[in-house]
Amino acid sequence: MNNGIVKIENNNIVVAEEVIQQIKDFTKIKEELDLKEKELKQDLKEAMEELGLKKFIVNGLCATIKEATIRKSLDTTRIKEEMPDIYEEYLKETPVSSSITLTIAD
């Protein structure tokens, strides 16, 4: 691996300081954009609810309000404790790809 961004030298990972700074900057911008998107969606939802609209289309933007529902799920912890044989019989294993999580320290 020697793509110029991440290098392995003497069994150590070396990442250029500017790359680390870019990751920090991108992460901060993404968090700010996610927050702004959440605020805009909430404002639009409130306006649509005030007018009794379920769907709103303007300039290529389509907003649809999904009704609140009750989600039903299986209490796997309880089944595992009270009926471990049944839990094991119906347990399904699904492969999950590896991933990486980046955390920004202040």
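Summed over segment 55-98, residues that are within 30 Å of Leu44 (Cβ to Cβ) and of a type outside the set (Val, Ile, Thr) total 13. When restricted to residues that are closer than 30 Å to Gln21 by Cα and over 20 Å from the mean Cα position of the chain (by Cα), segment 83-106 contains 1.
Just so you know, all these numbers are worked out from the coordinates, no wet-lab data involved. Computed from a predicted structure; not experimentally measured. Every residue, glycine as well, gets a Cβ built from its backbone with ideal geometry; the counts of neighbours run over all protein chains shown.
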